[in-house]
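S.K.: Handing you this structure, nothing more for now.
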Amino acid sequence: MTLENNLWRVVRAKLSPFGELARVENRLAAGTPDVCLVVRARASEPARTAWLELKALPAWPKRARSPVVAPHLTLEQVLWLERWDAAGGRAGLLAQVAQTYLLLDPPAVRAWHGGGLARIDLLELARYHQRALFPTTEVLRWATAT
């Protein structure tokens, strides 16, 4: 099983009690994110839809200033997230690097694409990062924010 499949299993286990999740495999529309999530902030409020691209890396680089490269982060994925965000939707990237979870908005995803970023820069650009514990509350807040 791949690291990304393991991340999907964690995402599904942690977030499915709060809404509906669908794993998306779309070969026709390049860049479509991996997960569509529908959640409610409160029962009286309308549901919100969010899209998450998942990326999982086995380890941080050994040197602090070495770039953290997401080898399968494509320009099509970056553009999709940016378009959805620009249209007023919620779209981002949830990454797991070693034991650390990171939630990135489209501008941070754009910065990460290509050459990669040093660990400190990636952590600084992340909307949220946490070691060891999956950031369920933070992902739900992000997904339901207006």
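The values are calculated or read from the model by the stated rules, or taken from the named source; none is laboratory data. All values reported here derive from a predicted model rather than from experimental measurement. Backbone-built Cβ (ideal geometry, glycine too); neighbour counts: all protein chains shown. We work out accessible area using only protein heavy atoms, side chains counted, and drop any ligands, DNA or RNA first. Shrake-Rupley method; radii C 1.70, N 1.55, O 1.52, S 1.80 Å.
S.K.: Which of the residues spanning the range 54-108 are basic (K, R), more than 23 Å from A29 (Cβ to Cβ) and touching a strand residue (DSSP E or B) at 6+ places or on another chain (Cβ under 8 Å)?
M.R.: Within the range 54-108, R65 is the sole residue that qualifies.
S.K.: Out of T32, T49, I need the residue that is β-branched (V, I, T), open to solvent by 50 Å² or more (accessible area, probe 1.4 Å) and either part of a helix (DSSP H, G or I) or modelled with pLDDT of 90 or more (or both). Which one?
M.R.: T49
S.K.: How about the range 84-106: which of its residues are farther than 20 Å from R48 by Cβ and part of a helix (DSSP H, G or I)?
M.R.: none
S.K.: Out of curiosity, is A70 farther than 21 Å from N6 by Cβ and either of a type outside the set (S, T, N, Q) or within 14 Å of the chain's Cα centre (by Cα) (or both)?
M.R.: no
S.K.: Follow-up question, since we're still on this one. What number of residues within the range 84-101 satisfy the criterion of being under 16 Å from E4 (Cβ atoms) and buried (at least 19 other Cβ atoms within 10 Å of the Cβ)?
M.R.: Number satisfying all stated conditions: 7.
S.K.: For the range 35-46: of the residues being in contact with a Ser or Thr (Cβ under 8 Å, 6 or more places away or on another chain) and open to solvent by less than 40 Å² (accessible area, probe 1.4 Å), which is farthest from L117 (Cα to Cα)?
M.R.: Here the answer is V39.
S.K.: Starting from residues that are among the aliphatic types (A, V, I, L, M) and assigned to a helix (DSSP H, G or I), keep the ones in the range 73-83 and report whichever is surrounded by the fewest Cβ atoms within 10 Å (Cβ to Cβ).
M.R.: For the range 73-83, the residue satisfying everything is L75.
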